[in-house]
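Beneath this line is the structure, given in structure tokens, with notes to follow.
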Amino acid sequence: MESRPLRYFVAVAEELNFARAAERLGISPPPLSRAIRQLESEMGVTLFERTTHSVALTPAGTVLLEEARIALDALQAAERRAQRAAAPEPKLVLAVKADGDAGLLEPILARYASEPTAVPAAVRLCGWHEQPRLLRRGEADAALVHEPFDRTGLDTETLAAEPRVAALAATHPLAARDRLALADLGLRPGDLHRFRDEIRSEGRDLAQLLTLVGLGGLTPLLPASVAARYPRPGVVYRPVPEAPPAVLVIAWPQQSRSTATAALVRAAASVADAVRDRQAG
């Protein structure tokens, strides 16, 4: 199976409209329709239910969409990794969200630099949970990322599991308490995924987030390391013992055979072990 029919299929599956998909691909609708019919014929399955007013995926089409995205990402990743490997000075790219490293980024890079197989490292700052996409597309070699996230095609090593704290405006009625329950914040454990998505839509970095907290607009749950590393006038942090921990992992592509990436993972695990030993002592 060639990549072009898959790209055509994904465009139609995401748009569920042949005209919009054709515009997105830069072609006209008739050849797109012919390509999809040919793909269905070659596979021996119907991928779309078509009427004069709608286009919908069949069960076979739903499965192919997930697999096709993975396959196309893998092709792009192979091309990018080959291009980067051919660069005069190859670099290892570590993706991380600003302020999302639990204070481990600098010691990890310092430990990695001492590894015999290390190459120069570049840090790529990104937004909320962009890291898995960057890994799958070959734009990064490893990433520090908080769970949960889509692990498809990735291996991981847990680095830290931190308790969570609520960030509150100093004038908030709950700020007078020593600790809080999820119910105090109007939350149940099952609400945390929705709550995190709302936080992401409000602020793309910690500085923005804490500004909104100080104004009384938000009461987010954050890793406990944030409280120690980012004291801020007008903002207080209170532990929420029943909240699930904030788990930070280092992730890398399953198919990676890079000795430099393996060295970075070893360095990250070593730093995390040292931090846990200090905390236990």
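The values are calculated or read from the model by the stated rules, or taken from the named source; none is laboratory data. This structure is a prediction, so every number in the text was calculated from the model and none was measured. Quick reminder, even Gly has a Cβ in these numbers, built from the backbone with ideal geometry, and neighbours come from all protein chains shown.
Quick one: in the stretch 227-273, which of the residues that are in the same structural domain as residue 122 (by TED's automatic domain parsing) and free of Cβ contacts under 8 Å to residues at least 12 places away in the same chain is farthest from residue 160 (Cα to Cα)? Among those residues, the one meeting the criterion is 257. For the stretch 16-70, which residues satisfy the criterion of being part of a loop (DSSP other than H, G, I, E, B), closer than 29 Å to residue 132 by Cβ and of a type in the set (S, T, N, Q)? Within the stretch 16-70, 17, 58 qualify. In summary, residue 150 fulfils each of the numbered conditions (1) assigned to a loop (DSSP other than H, G, I, E, B); (2) touching a strand residue (DSSP E or B) at 6+ places or on another chain (Cβ under 9 Å) with the single exception of condition (2). Residue-level analysis places residue 69 outside the set of residues that are modelled with pLDDT under 90 and under 30 Å from residue 118 (Cα atoms).
Name the one entry in 267, 246, 207, 251 that is surrounded by fewer than 20 Cβ atoms within 10 Å (Cβ to Cβ) and either of a type in the set (Gly, Ala, Ser) or modelled with pLDDT of 95 or more (or both). Walk me through how you get there before you give the answer.
Numbers: 267 fails: surrounded by fewer than 20 Cβ atoms within 10 Å (Cβ to Cβ); 246 fails: surrounded by fewer than 20 Cβ atoms within 10 Å (Cβ to Cβ); 251 fails: surrounded by fewer than 20 Cβ atoms within 10 Å (Cβ to Cβ).
Sole residue among the options that is surrounded by fewer than 20 Cβ atoms within 10 Å (Cβ to Cβ) and either of a type in the set (Gly, Ala, Ser) or modelled with pLDDT of 95 or more (or both): 207.
Screening the candidates 140, 102 for the property of being closer than 29 Å to residue 230 by Cα, within 13 Å of the chain's Cα centre (by Cα), in a loop (DSSP other than H, G, I, E, B) and modelled with pLDDT of 90 or more yields one hit, 140. Being touching a Lys or Arg at 6+ places or on another chain (Cβ under 8 Å), surrounded by 12 or more Cβ atoms within 10 Å (Cβ to Cβ) and among the small types (Gly, Ala, Ser) holds for only one residue in 35, 13, and it is 35.
For the residues 136, 151, the requirement of being surrounded by fewer than 16 Cβ atoms within 10 Å (Cβ to Cβ), under 23 Å from residue 66 (Cα atoms) and in contact with a Pro (Cβ under 9 Å, 6 or more places away or on another chain) singles out 151.
List the strands (runs of 3 or more DSSP E) that sit entirely inside the stretch 210-281 and contain at least 3 residues that are in contact with a Lys or Arg (Cβ under 8 Å, 6 or more places away or on another chain), under 18 Å from residue 154 (Cβ atoms) and of a type in the set (Lys, Arg). Please lay out each step first, then the result.
Details: elements: 221-223, 235-239, 246-253.
So the answer is none; nothing clears 3.
In the condition set (1) surrounded by fewer than 18 Cβ atoms within 10 Å (Cβ to Cβ); (2) not assigned by TED's automatic domain parsing to the domain that holds residue 270, residue 106 is compliant with all but (2). Of all residue pairs spaced 6 or more apart or on separate chains, those with beta-carbon atoms under 6 Å, a first member in the stretch 131-151 that is on the phi < 0 side of the Ramachandran plot and a second member that is of a type in the set (Asp, Glu) and surrounded by 20 or more Cβ atoms within 10 Å (Cβ to Cβ) are 144/101. One residue stands out among those in the stretch 71-98 that are in a helix (DSSP H, G or I), surrounded by fewer than 13 Cβ atoms within 10 Å (Cβ to Cβ) and in contact (Cβ under 8 Å) with a residue 24 or more places away in the chain: the one that is nearest to the chain's Cα centre (by Cα), which is 78. Filtering the stretch 109-124 down to residues that are over 19 Å from the mean Cα position of the chain (by Cα) and among the small types (Gly, Ala, Ser), which residue is surrounded by the most Cβ atoms within 10 Å (Cβ to Cβ)? Ranking the candidates gives 121 first.
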